[in-house]
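For reference, the structure discussed in these notes is given below.
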Ligand SMILES: [Zn+2]
């Protein structure tokens, strides 16, 4: 789910209670639900809580690091989804016979080959001891190095002169106050001693090239402890100043020596391609297979931002998981859809529905022959607002946009829900424009959008897998599996009787 213009509307204190971990049940249908149509039963039963946990654990796990568009974690997630598509027998319909439709983005990234810290300890580079954040360039040389050890909360002595010098300080000594205090003394560079330096994260945008190529002044970088120890030794400084992360027992200890250090940071700006992941199950009917049903979710989330991982377990690892479950169901069911089904996991949704916009501007199948798109974005939580308790929303879900273009699609969704038993809420939050389906609706494609509602962890690092209601993920996938099977067997495409978007 992408942000609307003023995100504060949805941000509330994190102190609100988190949901209990939802336990699995044999059947995820809710009270009053009737069994699925017998010809669709095998697929229905192939959609399980265990499988949902399996996919979601990977997509919202450490490997994918929040799936930021243009970040390594997104690529891992895309490869995971493509591998599942392949296992399930979907055809690759992306670029050059792959499952990837490359979407162009601008990337401004640290040029690793051109970035180096030099000094008496030798060269320290990205991936080998040096960590650089941001995307501005630097070229700094100093003739003096101050080793600083600080007790947490200690104040810097008034007379300590850091102007134009390099400061070497342990990370654990540097709380925000200490960091500001050091920076106020105008050092030329700050070398923060860490156990392991973080890899740089590129800045991805769609607009004009970003990045500050003429960066000047102070620069803070990370240096791994073994290199900081080498630096101290080669300058004849007591290595205990950088050996421990405990800080000085005496408050502040500093040692200044002369020594030459050079820091060069280069950035490179380039256009990169980030994929929408696309796979197709051809229809079983020779005529109807020329018409298409889409199943969509966005694979991206906020990734790593400011050194913090935003896992996006609900937003939208839950929908991506549900999409994979629908593909699993179709592969497992002996009765195959007569129409062709296209699965789409979009990139760049959180940056403003970019991957889906690119898709609808460069469709891989004609949009006028697209029967409908079933979008799932945030289908794994119980809505929780100031006046609405999570416990009251265990089996509720928002059915958004289903009546906007085709009342027939809406009615089919209601009919199929008899086998699930969701209590539907409608688009009272005005989220109709806020996920990928909006780009398809604008082109006249009937859509439904399943969304389980906002919660206090929305777009926060606390949107984690332990809070997911897996029964709801499974039920969302089962509902759309049944809707898809029903629409796929109709003699005509669903009627577009209301209008466009
Ligand atoms: Zn979102």
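The values are calculated or read from the model by the stated rules, or taken from the named source; none is laboratory data. Owing to the predicted nature of the structure, the values given are computational and were not obtained by experimental measurement. All Cβ positions, even for glycine, are placed from backbone atoms using ideal geometry, and neighbour counts span all protein chains on display.
Observations on the structure shown:
- Test: residue in segment 297-307 that is surrounded by fewer than 22 Cβ atoms within 10 Å (Cβ to Cβ), within 16 Å of the ligand (Cβ to nearest atom) and closer than 22 Å to residue 354 by Cα: yes
- The single condition among (1) over 30 Å from residue 165 (Cβ atoms); (2) crowded, with 22+ Cβ neighbours inside 10 Å that residue 332 does not satisfy is (2).
- Within segment 440-481, tally of residues that are part of a helix (DSSP H, G or I) and at pLDDT 95 or above: 16
- Residue ranges of strands (runs of 3 or more DSSP E) in segment 273-387 with at least 1 members in contact (Cβ under 8 Å) with a residue 40 or more places away in the chain, under 24 Å from the mean Cα position of the chain (by Cα) and over 15 Å from residue 82 (Cα atoms): 292-298, 303-305, 308-310, 370-376
- Some residue of segment 478-500 being touching a helix residue (DSSP H, G or I) at 6+ places or on another chain (Cβ under 9 Å), under 20 Å from residue 356 (Cα atoms) and not assigned by TED's automatic domain parsing to the domain that holds residue 55: yes
- Answer residue from segment 388-418, given it is assigned to a loop (DSSP other than H, G, I, E, B) and farther than 30 Å from residue 95 by Cβ and is farthest from the chain's Cα centre (by Cα) among those: 406
- Pairs with Cβ under 6 Å, 6+ apart, first in segment 160-183 and under 21 Å from residue 143 (Cα atoms), second at pLDDT 90 or above and exposed (fewer than 14 other Cβ atoms within 10 Å of the Cβ): 163/186
- Single match in 415, 371 (criterion: away from the ligand (no atom under 16 Å from the Cβ) and either at pLDDT below 95 or touching a strand residue (DSSP E or B) at 6+ places or on another chain (Cβ under 6 Å) (or both)): 371
- Number of the exception - residue 306 against (1) assigned by TED's automatic domain parsing to the domain that holds residue 346; (2) more than 16 Å from residue 204 (Cα to Cα): (2)
- Residue match in segment 145-155 (condition: in a loop (DSSP other than H, G, I, E, B) and touching a helix residue (DSSP H, G or I) at 6+ places or on another chain (Cβ under 6 Å)): no
- Of all residues making up segment 335-349, the number that are over 22 Å from residue 286 (Cα atoms) and either out of contact with any helix residue (DSSP H, G or I) (no Cβ under 7 Å at 6 or more places or on another chain) or surrounded by fewer than 22 Cβ atoms within 10 Å (Cβ to Cβ) (or both): 0
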